[in-house]
1. Give the stretch 42-58 a look and list any residue that's basic (Lys, Arg) and either in contact with a Cys (Cβ under 8 Å, 6 or more places away or on another chain) or under 14 Å from VAL103 (Cα atoms) (or both), or say none.
2. Taking the criterion of being surrounded by 16 or more Cβ atoms within 10 Å (Cβ to Cβ) and closer than 27 Å to ARG71 by Cβ, would at least one residue in the stretch 163-180 satisfy it?
3. Of the numbered conditions (1) under 18 Å from ARG212 (Cβ atoms); (2) at pLDDT 95 or above, VAL160 satisfies every one except a single condition; which is it?
4. Determine if the stretch 187-197 includes at least one residue that is closer than 23 Å to VAL103 by Cβ, hydroxyl-bearing (Ser, Thr, Tyr), touching a His at 6+ places or on another chain (Cβ under 9 Å) and in a strand (DSSP E or B).
5. Enumerate the pairs (first residue in the stretch 108-120 and modelled with pLDDT of 95 or more; second residue anywhere and among the hydroxyl-bearing types (Ser, Thr, Tyr)) with beta-carbon separation below 9 Å, excluding pairs fewer than 6 apart on the same chain, so at least 6 apart or on different chains.
6. Would you check which residues across the stretch 51-78 are closer than 20 Å to GLY199 by Cβ and among the β-branched types (Val, Ile, Thr) and list them?
7. Report yes if some residue within the stretch 154-162 is surrounded by fewer than 18 Cβ atoms within 10 Å (Cβ to Cβ) and in contact with a helix residue (DSSP H, G or I) (Cβ under 7 Å, 6 or more places away or on another chain); otherwise report no.
Amino acid sequence: MRGLVFINMLAVAVLTSVCLAAPQPAVVPGPDIWMINTMFTHPQQILLKTSTGKPIQFWYIILTLTNKTGRDVDFYPKCDLMTDTFQVIPAYKDVPEVVFELVKRRHQDKYQFLESLENTSNKLLQGEDNAKDVAVIWRDFDAKAGNIKIFIAGLSNETVAIDHPVAKDKQTGEPVKVYLRKTLELSYDLESDPAMRSGANLTYKDKRWVMR
């Protein structure tokens, strides 16, 4: 048990070291760097009824993506939800397709052409006429969490490579390279009684661009 605790603490320490060492996005992007105009809704909850009578809870946001770069761009998103209890949940992990259908039905008046992030095209065409509304969905997270951060990568082609603080290449002995992408970070505080999870209240704190 002590060994497992030590391994977990080491993993957190390494993750923290990488984050602290990570560079910031360029203040003035280079001529070949593009970024997608992005609007977002704040996280909302939705319940999936089950045959057992106990519903399963999910969280989602809706992104409106507009490509004003003057060219069509590749779109390979990665969206994670991270709690202050060090739980990291990738979007759409253990999320049945029917959950997206429930979200789409809920917002059909405003977002008539809503797409699932999991199934959207990997090409964003230029121009406002080609703007996309995309749903991003996560399974419910740790009920003890007091803060969550949402990370959305793929909105820019800005990248950077840094040295891993611990891992070494077995052949050269040089530090392993860690490749980071410009990522939108959304931060929220959470007030929640684990016994009344559907009543959880999120407070929007901040947004910023990070390299992750």
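The values are calculated or read from the model by the stated rules, or taken from the named source; none is laboratory data. Keep in mind that this is a model prediction, so the values were computed, not measured. All Cβ positions, even for glycine, are placed from backbone atoms using ideal geometry, and neighbour counts span all protein chains on display.
1. Here is the first cut: in the stretch 42-58, the ones basic (Lys, Arg) are 49, 54.
Listed by number, the list holds a single entry, LYS49.
2. Yes, that holds for at least one residue.
3. All conditions are met except number (2).
4. So the first thing to find is which residues in the stretch 187-197 are closer than 23 Å to VAL103 by Cβ, and the list is 187-188, 190, 192, 196-197.
Then drop every residue that is not hydroxyl-bearing (Ser, Thr, Tyr), which leaves 187-188, 192.
If we keep only those that are touching a His at 6+ places or on another chain (Cβ under 9 Å) as well, we get 188.
Now narrow it down to the ones that are in a strand (DSSP E or B): 188.
Within the stretch 187-197, one or more residues are closer than 23 Å to VAL103 by Cβ, hydroxyl-bearing (Ser, Thr, Tyr), touching a His at 6+ places or on another chain (Cβ under 9 Å) and in a strand (DSSP E or B).
5. Short answer, once both residue conditions are applied: TYR111/THR64; GLU115/SER121; SER116/TYR92; LEU117/TYR92.
6. Step one: of the stretch 51-78, the residues closer than 20 Å to GLY199 by Cβ are 53-61.
Selection gives ILE56, ILE61.
7. yes
Results for (1) assigned to a helix (DSSP H, G or I); (2) over 19 Å from the mean Cα position of the chain (by Cα), shown as yes or no for each residue.
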position: TYR92; (1), (2): no, no
position: VAL95; (1), (2): no, no
position: PHE100; (1), (2): yes, no
position: ARG105; (1), (2): yes, yes
position: GLN108; (1), (2): no, yes
position: TYR111; (1), (2): no, yes
position: TRP138; (1), (2): no, no
position: ASP142; (1), (2): no, no
